[in-house]
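Novice: Structure in structure tokens, see below.
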Amino acid sequence: MRRTMLLAMALLFVGFMTLAAIAEAGTTLRVVFPGTSETEKQGAVRLKQLAESKFPDIKIEMMYIGWPDLEKKLSVMLPGGDIPDLVQQQEATNLVAMGALEPLDSYLARPDSALKKAQFYEGVWDYSVYDGKVYTIPIRAISYGLIVREDLLTQAGMKLGDLKTWDDMKKAAKAMTKGDVYGYGYPLGLPRFAWREGPYIAGYSNDFDLSDTSEATKAKYLQMLRLFKDLQPSMSPTTKVMGLREAFQAWGLGNIAMMATGDFFVANLYPINPKILKVSRVVAYPKGPSATKPRAPVANVGWAMFKGSKHKEQAWKVLSLFCSLENLTEESAMLNTPARRDIDMGKLAQAAARFYPDAVEDNKRIINDFVTNAHPVGVPMRKILRREEMEVAFQKIMIEMLDGKLTPEQAYERIKAEIDKIKRG
Amino acid sequence: MRRRLVRRMGLYAALLLVMAFTLSPYAWLVVSSFKPSTEIFTRTPNWSLHGATLKNYVWALGPTGGNLGIFFWNTVLAAGATALLTAGLGAMGGYAMARYAFPGRRALALALLLSPMFQGPPVMIPFYRILSTLRLLNTIPGLVLVYMSLTLPICIWLMAGFFRSLPRELEEAALVDGCSPVQAFSRILLPLTLPGLAATSLYAFVVAWNDYQYALILTSSERAKTIQLSLSELLTFFGQTNWGGIMASGVLTTLPVVLIFMVIQRVLVQGITAGALKS
Amino acid sequence: MSALSRLGTTLSRYRTPYLLLLPSVAYLVGFTIYPILNVFYLSVTDLHLVKSLIPRFIGLQNFRDLIWSDADFRRIVVNTFIWTFGSTALQFVLGLATGLILNARLPARGFWRGIMLVPWVTPIVVVGIIWRWIYDGSYGLLNYYLNVVGLLNRYVVWLGEDVAVWPAILLASLWKGYPYMCLMLLAGLQTIPQDVYEAADVDGASGFKRLWYITLPLLKPVAGIVTLVALVLTWNNFQMIWVLTEGGPAYATSVLATYVYTKGFVFFQLGSGAAVATLSILVILLVCIIYARMLRLEEREP
């Protein structure tokens, strides 16, 4: 009798412990988070608390990886069989090409889905679409435009509204170049920016995409190349080694008067020189000679789900929470510009004051500049496979052209040859 | 007498020159670490500490900012363990390579020189898989295991070099005096190679200390992330970079290692003079 | 005697060195064989992660493409030689000089030795920030001071201009790496027993003669190995160049190690990257064999 009792108790104990273990297990979602600045990390902590309080059976494990290292690490983890659940990414082209991400259309189509396309700016949303499928949900929009030192422009006798065409821009650049101030900034030093922070944006303003080397775009491409050649006297001699960081440093020191870049410049400039934000304004990049209508490239930062995730339902729940209206108001205040069109700009400005206390009004004004100038004419930046290789080749040829070793026509032929070679595989 | 004075002056002048070269870049770092971020990148160099602040250091150590404490500790553990293991195995292996002409020695020497050359992206996936199977991902022992592949082969080579520079007569004399080979090794040879051993251990320490790539791929949280990783994460692209904080972090990371070395190196000198006197 | 019993005799005759080396060799074989084989395997495949996660065997195609069709490869190889030999030579000279200084009787010697270590242990990210600012073309410290003392009358874009960029990179590398040389050579110097010098002093040898005829020859074995190791390490060091220029602009400062990184982690062309790595290893292997032979390191028979 006693032995049976002992046996029963032992079994009960084991059963209890197992149940407890299962209950305690819950689900741990691994979230890859590339924002490693202090403010972004605080944002991540907030997100974790938000998710864990709303869904008590879910635990969030944040994996912080810097932006430049994100894809490198994933490129080792994924073939290694170690697949997380959610990731925040800007351009997901490589991840989609690797087959790593889950298409989200079916989730969005559910009747109870809290997220819908109509809630977002169209151009910003379309950036998340690859081959007709939605792979990320935007949380912040990245708008690109021309930032201008309004004070220097006024000194040169022009107004912001005068910068409508490339010729206007060339005139302004020339007029503002004196002493150690250069009228046009172009970070040629690193391939990514040599491509994007200038020619790519200029291309959009002239109605073509840099990776398009077909006959149809040849004339427009040449116009863009000539534009940069013409702007060269207004560029600093350090252009060849300037990465984006150096360009922002130079802007902060008052060394550059105009530059094409995205709305993250506020966050970059604030720690260097918040006062410069007072005199920095944003306009849509002036129209090129072949442009039919104004266009501005937009991108976004968004959340995506891994195809190999073992907890897709929970991941979707958490993802929807991360992209809710209240949450995104806070997000957009921290960085970039809003992705959702239903965000209350007043609330956003209030939240932003926490992040940019020394430049509250300036930040508000600049966000407004972007939202009014870029979002309405926003066109999603094209997703180009193997863009990294094109960028390297492009940078080399641009350097040779600006060094005087190639004419714009020769540069075009070389660019075309290189890009076509990459596209052929 | 005059000649010696001139030589002394020359020596001091050379020392000052080298130290100036070594310290000037570092001096800029230190001065910048006491400035607010907005005053670090200036049009003309500004060395004045007017308006100096400790805010950057507070941020660097704080849990929301640099959070240096944990990462520093992780790196010290990983590098220290690597140094100890490498020193032990390296001394043994180096002695064998230096004093015994065994078959296969040349091939082994070549293999040892080659194996740390396999680095970078092509080896990352295998190492990831190995650590994943051993369940050592995101752990310090895992990092140490991988670092040893970089340090051990080279340290065997280096120790072999140090052993080879000692005259054979020392051991032979000891053996004649009645010591066993082990005693000859530990009482005579080891003290004399202490500087070499110390240098090799320090080398292994610094290799592990300086590594970025392996830490990036093989660690993912505060449990094992190293300082190189945490520092590079402070350089952001989208958010606000705390430049002053980064400078302070740079200073805080370098100083302790330098200070510890200043203390340790004196112990080593004592070790050698004792050994030399004995011979 | 049969082969097996010959093996047995060898093993027992040389059991001391084999035992001493056993743990190291066991670890290396267990831990590094798979990664090494993986590199060779990848180099004959076309693995390109954004095209497919499955590699296909393509024989020596990667190698052919690199040697014949890659316009930048030759320049990268040349760069690698400049980088490796330039860096090592400079570090050796300064390391030796500093080692000699720090070996002499100095006040607060321990303090100076500690300071010497600073560049080597400064985190690479911070080294990048410092030196990029020193070399900045508009406001950099180097430009400012060279202009102030009149050695220069314009601002040089150190990391951009063809003539300036390699000296600039080598200088930064000298700063970061010389402590390693100094440390090793100092250890070697300290291993030289005092009585050798005392005998020389009795013979009336002066400072320079002492250096040339006694110190340097005695240091040669250590110096030879230390420089050989430095050559290998510098050959594979991609961090230093990456934080300064990322191998740019346009591959101007790329070396084989940064090229492997670019191919593997920027383009995700793991097959081609592994081929670059393999070629790189072959070249440095050749260099080592020639160098070791020159120093006659192998001929010290017991």
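Rule-based calculations on the coordinates, nothing more; no lab input. Owing to the predicted nature of the structure, the values given are computational and were not obtained by experimental measurement. All Cβ positions, glycine included, derive from the backbone under ideal geometry; neighbour counts span all protein chains shown.
Novice: Using a Gaussian network model of chain A whose springs link C-alpha atoms within less than 10 Å, name the residue from A:136, A:292, A:28 with the highest mean-square fluctuation.
Specialist: Among A:136, A:292, A:28, the largest GNM mean-square fluctuation belongs to A:292.
Novice: Hey, another quick one. By its C-alpha gyration tensor, with a ≥ b ≥ c as the square roots of the eigenvalues, how is segment A:1-154 shaped: rounded for a/c under 1.5, else prolate for a/b larger than b/c, else oblate?
Specialist: prolate
Novice: Could you pull out the pairs from A:159/A:287; A:178/A:405; A:423/C:51; A:383/C:51 whose alpha carbons sit more than 18 Å apart here?
Specialist: Too far apart for the 18 Å limit: A:178/A:405.
Novice: Separate question: Could you pull out every whole DSSP H run in chain B that spans at least 15 Å of Cα extent along its own axis and averages -1.0 or higher on the Kyte-Doolittle scale?
Specialist: Helices passing the filter in chain B: B:2-33, B:68-99, B:121-133, B:140-164, B:190-210, B:243-278.
Novice: Then there is this: For chain C, what is the mean residue ellipticity at 222 nm derived from helices alone (per DSSP H run of n ≥ 4: -39500 (n - 2.57); sum divided by total residues; nearest 500 deg cm²/dmol)?
Specialist: Calculated from helices alone, the mean residue ellipticity at 222 nm is -22000 deg cm²/dmol.
Novice: While we're on this one: What average number of partner chain Cβ atoms lie no more than 10 Å from the Cβ of the residues making up C:53-63?
Specialist: 1
Novice: Could you tell me how many degrees, from 0 to 90 and to the nearest 10, lie between the Cα long axis of helix A:38-54 and the main elongation axis, the longest principal axis, of the Cα atoms of chain A?
Specialist: Result, in degrees: 30.
Novice: What value, in deg cm²/dmol to 500, does the helix sum -39500 (n - 2.57) over DSSP H runs of n ≥ 4 give at 222 nm once divided by the residues of chain B?
Specialist: Calculated mean residue ellipticity at 222 nm is -24000 deg cm²/dmol.
Novice: Dipole magnitude of the protein assembly as shown about its Cα centre, charges +1 at Lys/Arg Cβ and -1 at Asp/Glu Cβ only, in debye to the nearest 20?
Specialist: Around 1300 debye, computed over the protein assembly as shown.
Novice: Return the calculated 222 nm mean residue ellipticity for chain A, to the nearest 500 deg cm²/dmol, obtained by summing -39500 (n - 2.57) across DSSP H runs with n ≥ 4 and dividing by the residue count.
Specialist: Rounded to the nearest 500, it is -14000 deg cm²/dmol.
Novice: If you don't mind, another one. Please work out whether segment B:6-101 counts as rounded, prolate or oblate from its C-alpha gyration tensor, where a ≥ b ≥ c are the square roots of the eigenvalues and a/c under 1.5 means rounded, while otherwise a/b larger than b/c means prolate and anything else oblate?
Specialist: Oblate, because a/c is 1.5 or more while a/b does not exceed b/c.
Novice: On a 0 to 90 degree scale, rounded to 10, what angle separates helix A:2-25 from the longest Cα axis of chain A?
Specialist: 10
Novice: Using modelled amide H (1.01 Å from N, peptide plane; none on Pro or chain starts), what sits under 5 Å from the amide H of residue A:120, excluding residues fewer than 5 places away?
Specialist: A:341
Novice: Moving on. Using amide H atoms built 1.01 Å from N in the peptide plane, name the residues 5+ places from residue A:101, or on other chains, whose amide H lies under 5 Å from its own.
Specialist: Sorted by chain and number, the residues that satisfy this are A:307.
Novice: Using a 10 Å cut-off on Cβ to Cβ distances, tally the other chain neighbours for every residue of A:247-258 and report the average as a whole number.
Specialist: 2
Novice: Would you mind telling me which residue in B:98, B:81, B:14 has the biggest mean-square fluctuation in a Gaussian network model of chain B, where springs connect alpha carbons within a distance under 10 angstrom?
Specialist: Looking only at B:98, B:81, B:14, the largest GNM fluctuation is found for B:14.
Novice: Something else about it: Pick from C:113, C:13, C:56: which residue has the top mean-square fluctuation in a GNM of chain C where Cα pairs under 10 Å get a spring?
Specialist: Between C:113, C:13, C:56, it is C:13 that shows the largest mean-square fluctuation.
Novice: Assign unit charges at the C-beta atoms only (+1 for Lys and Arg, -1 for Asp and Glu), then state the dipole size of segment C:1-157 relative to its Cα centre in Debye, rounded to the nearest 20.
Specialist: Dipole of segment C:1-157, to the nearest 20 debye: 540 debye.
Novice: Further, regarding this structure: For residue A:33, enumerate residues with amide H under 5 Å from its amide H, sequence gap 5+ or separate chain, H modeled in the peptide plane.
Specialist: For residue A:33, the qualifying residues are A:63, A:64, A:65.
Novice: So, one more: Taking the dipole about the Cα centre of segment A:262-392, with the C-beta of Lys and Arg at +1 and of Asp and Glu at -1, give me whichever of A:318, A:276, A:384 is farthest to the positive side.
Specialist: My answer, from the dipole projection, is A:384.
Novice: Quick one: grab the alpha carbon gyration tensor of segment A:220-310, order the square roots of its eigenvalues as a ≥ b ≥ c, and give me rounded if a/c is under 1.5, else prolate or oblate depending on whether a/b is larger than b/c.
Specialist: Oblate, since a/c reaches 1.5 and b/c is not below a/b.
Novice: Which ³J(HN,Hα) values in Hz, rounded to whole numbers, follow from the phi angles of segment B:219-234 under the Karplus curve 6.51 cos²θ - 1.76 cosθ + 1.60, where θ = phi - 60° and Gly and Pro get x?
Specialist: The phi angles translate into 10, 9, 8, 4, 5, 9, 4, 9, 5, 4, 5, 5, 5, 5, 5, 6 Hz.
Novice: Convert each backbone phi in segment A:254-269 into a coupling constant with the Karplus relation 6.51 cos²θ - 1.76 cosθ + 1.60 (shift: θ = phi - 60°), then list the ³J(HN,Hα) values in order as whole Hz, x for Gly and Pro.
Specialist: Working through the residues one at a time gives x, 8, 10, 9, 9, 7, 8, 6, x, 6, 6, 5, 4, 5, 6, 7 Hz.
Novice: Something else now. For the protein assembly as shown, what value does the Rg/Rh ratio take when both radii are computed over Cα atoms and Rh is the Kirkwood radius, given to two decimals?
Specialist: Rg divided by Rh gives 1.00.
Novice: With axes computed from alpha carbons, what is the tilt in degrees of helix A:408-424 against the longest principal axis of chain A, rounded to the nearest 10 within 0 to 90?
Specialist: Helix A:408-424 sits at roughly 20 degrees to that axis.
Novice: What's the average, rounded to a whole number, of partner chain beta-carbon atoms within 10 Å of each residue's beta-carbon in A:397-409?
Specialist: Whole-number average of other-chain Cβ neighbours for A:397-409 is 1.
Novice: Same structure, new question: Once phi is turned into θ = phi - 60°, what whole-Hz ³J(HN,Hα) does the Karplus curve with 6.51, -1.76 and 1.60 give for every residue of segment A:242-253, x standing for Gly and Pro?
Specialist: 6, x, 5, 4, 5, 5, 5, 4, 4, 4, x, 8
Novice: Further question on the same structure: Using the membrane-span-like helix rule (whole DSSP H runs, Cα extent along the own axis of at least 20 Å, mean Kyte-Doolittle hydropathy at least -1.0), which helices of chain C qualify?
Specialist: What comes out of the filter, once short or polar helices are dropped, is C:15-43, C:73-103, C:162-191, C:216-236, C:270-295.
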